[in-house]
């Protein structure tokens with residue numbers, strides 16, 4: 001698996017993501033803590049998470065069109081360079097009266113971020129051989145977990161020792177560095193751009209479309225592909241359920257650390273870092289496990305394990321034990337993530353990948369919003385442990401859904417890109433008939 005890092009272009013994309021993610025995780029810890037410290041309000045902190053989801057909800061699917069229409073390498077570079085000066089505005093946020101600055105920056109930054117994930121996820125399969133894709137995605141997960149190992153701890157320490165501003169400047173520097181690394185990728189346009197449509201497909205579109213209408217037509221074509229592909233819409237349903245749970249946990253975990261554990265920014269950083277350690281183990285094992293288990297088996301087992309282990313974390317608020325459990329939970333989370341991403345990539349033709357990942361981003365944003373609104377305005381008023389334990393049942397529910405929707409005794413260990421697309425049917429019908 002690590003041999004992939006000898007491939008220059010893949011290594012540059014991988015390192016770019018690693019550096020950018022580290023800055024993101026540092027600020028992910030620092031910014032909500034800063035708001036909570038200044039305002040002493042769960043609602044003020046929760047609003048940050050809510051407004052951050054809105055751009056993905058409104059623009060996620062459409063943003064994927066740009067990854068299919070323009071050079072994906074330059075989309076990534078431009079987005080990173082735009083984010084760097086934008087985050088500098090957070091330095092003006094110095095009192096409860098200026099918390100609106102954090103909200104506006106979050107909306108603007110997450111609008112730009114909608115361009116990043118579809119472009120990165122669509123470019124990655126073009127930089128490696130098809131046979132190396134699951135290993136490449138495992139390395140990408142390793143990348144995220146390495147960043148999570150360093151970023152939250154760095155963010156917690158910087159916040160406690162040097163203040164909020166240090167975390168902001170660190171994140172800004174990582175965006176610039178990430179853009180420079182992607183700039184060094186050397187590949188022909190046939191690699192960095194989407195595979196062009198065939199003449200027959202192009203003829204189906206009107207010859208003279210406005211720029212907006214062209215984007216809209218492309219977006220609908222991506223959604224239509226998902227609707228007609230059982231693997232894709234099943235995964236979208238599962239992602240939706242998981243993101244409701246993730247939205248609740250994201251907001252209430254900070255409250256849990258303070259009220260149940262009696263900690264602050266360092267303890268929050270340790271817990272997030274511990275999960276990253278487990279993610280590193282999972283990333284190292286996923287390629288080996290992926291050669292023995294079918295993707296649906298990895299997804300189902302991952303969901304059940306996350307739900308069970310997560311429940312023990314919230315039920316037993318003892319920091320050393322919770323850190324240990326966070327390490328354990330990082331393994332199935334990584335298996336789940338890598339399997340889902342690989343299934344999406346291999347079930348989607350290259351020219352549609354940006355739009356498909358964009359549509360998944362929109363779905364994630366919608367359900368994250370639901371979870372975060374609930375946690376902000378309802379969950380914050382209830383017993384935090386009770387809410388978090390109850391939330392774990394959503395992972396268990398998603399596990400049963402995955403067992404019914406994705407199970408296929410004839411499915412290969414790695415679904416090939418050219419696998420036939422099952423006939424269209426409604427989600428409700430499939431759940432009943434599976």
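Each reported figure results from applying straightforward, stated rules to the coordinates on display, with no laboratory input. A quick note: this is a predicted structure, and the numbers were derived from the prediction, not measured. Don't worry about glycine lacking a Cβ; one is built from the backbone with ideal geometry, like all the others, and counts go over all protein chains shown.
So, by mean Cβ neighbours within 10 angstrom, what's the order for 276-282, 80-86 with the highest one leading? The partial results should precede the final answer.
Values: 276-282: 22.7, 80-86: 18.7.
By packing density, highest mean first, the sequence is 276-282, 80-86.
When 29, 370, 51 are ordered from fewest to most other Cβ atoms inside 10 Å of their Cβ, what list results? All intermediate terms of the calculation are to be shown ahead of the outcome.
Details: 29 26, 370 16, 51 19.
Result, fewest neighbours first: 370, 51, 29.
What is the Å³ per residue value for the convex hull set by the Cα atoms of region 230-361? Spell out each step's value before the answer.
Details: hull volume 14.7 nm³, N = 132.
That works out to 112 Å³ per residue.
Please compute the modelled spin-label separation between residue 107 and residue 95, points set 7 Å along Cα→Cβ, answer in nm with one decimal.
2.3
For a footprinting-style exposure proxy, rank 49, 159, 397 by other Cβ within 10 Å, fewest first. Walk me through the numbers on the way to the answer.
Details: 49 21, 159 26, 397 17.
Final ranking by Cβ density, sparse to dense: 397, 49, 159.
Working only with C-alpha atoms, what are the Rg and Dmax values of region 84-140, expressed in angstrom?
17.6, 54
Ranking 90, 272 by Cβ neighbours within 10 Å, fewest first, what do you get?
Final ranking by Cβ density, sparse to dense: 272, 90.
Work out, step by step, the length gained on full extension between residue 404 and residue 162: first 0.36 nm times the residue separation, then minus their alpha carbon distance; give nm to one decimal. Before the final figure, lay out each step's value.
On the way: separation 242, 0.36 × 242 = 87.12 nm, distance 5.04 nm.
Net length gain for the segment: 82.1 nm.
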